[in-house]
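The values are calculated or read from the model by the stated rules, or taken from the named source; none is laboratory data. The structure presented is a predicted model; accordingly, all values stated were derived computationally and were not measured. Neighbour counts are summed over all protein chains in view; Cβ atoms, including those assigned to glycine, are modelled from backbone coordinates with ideal geometry.
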Amino acid sequence: MDELIILSVLWVLYCFLHSLLISIPFTRFVKNRMGENFYYYRLFFNIFSLVTLIPLLYYTYTLREEEFLIWSSYWVYVKYILIIVAVILLIAGAQGYSFLQFLGLKQIRDKNVEENDIISDTLNTSGVLGIIRHPWYAAVILLLWARDLDLPGLIVSIILTLYIIIGTYLEEYKLVRAFGSQYREYKKEVSMLIPFKWVYKVFFSKKNKVQ
């Protein structure tokens, strides 16, 4: 039980630190310190996140137990559907984002020193971004739960799911700051993680028009 508490604390600390390093107050502070070299910050952030994630994943692996939440019988088909949907969201989402910008390489190439350096100059609402606003985050949540889980895995999935949801709201705050009323209107038309508005628009609003 003590090991599970340590595991929980470590993952919560990782999520907190991850959010802190890309928060507006912290990046503004770093920008003031680094000056023109701030365009290296996103790459540093990604490297730091990966280096600190690897030992945490290894520690989680060492605590493996017998799985008790298992996709069995006909439910296994639901599991495969969730994985397929997640992969589609990852691929489709990649069409709407700049992978070089996500990695931090575009910032170095363009010498971009903006605080919100992963936010594009224009708001893209095409493709899958016209169905949900954050396809990559939705995909990660699906992959977290489309697997058989032991107790440590369940704890990690819960923590990461909560972190992604909270982090999505924090990112939305940045996007509203960047695009203002344009993003507010986008939020009214497109759901954040689950495409409720798209489903209603496609399957129900047309029926109401026909009637």
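Would you mind telling me which numbered condition in (1) exposed (fewer than 13 other Cβ atoms within 10 Å of the Cβ); (2) among the small types (Gly, Ala, Ser); (3) at pLDDT 95 or above residue 86 fails?
Checking residue 86 against (1) exposed (fewer than 13 other Cβ atoms within 10 Å of the Cβ); (2) among the small types (Gly, Ala, Ser); (3) at pLDDT 95 or above, the one that fails is (1).
Pairs only if they're at least six apart or on different chains, beta carbon under 9 angstrom, first in segment 141-155 and over 15 Å from residue 89 (Cα atoms), second of a type in the set (Gly, Ala, Ser) and surrounded by fewer than 17 Cβ atoms within 10 Å (Cβ to Cβ); list them, first residue then second.
Hits for this filter: 148/72; 155/8.
If a residue must be part of a helix (DSSP H, G or I), under 28 Å from residue 158 (Cα atoms) and in contact (Cβ under 8 Å) with a residue 12 or more places away in the chain, how many such residues does segment 17-36 contain?
Of the residues in that region, 6 qualify.
Looking at 39, 14, which one is among the aromatic types (Phe, Trp, Tyr), assigned to a helix (DSSP H, G or I) and at pLDDT 90 or above?
Result of the check over 39, 14: 14.
Quick one: is residue 127 under 25 Å from residue 169 (Cβ atoms), modelled with pLDDT under 95 and surrounded by 16 or more Cβ atoms within 10 Å (Cβ to Cβ)?
no
Quick test of your reading of the structure: residue 87 fulfils all but one of (1) farther than 28 Å from residue 8 by Cα; (2) in contact (Cβ under 8 Å) with a residue 12 or more places away in the chain. Name the failing condition by number.
It is condition (1) that residue 87 fails.
Looking only at segment 52-77, how many residues end up being surrounded by fewer than 11 Cβ atoms within 10 Å (Cβ to Cβ), of a type outside the set (D, E, K, R) and closer than 16 Å to residue 148 by Cβ?
6
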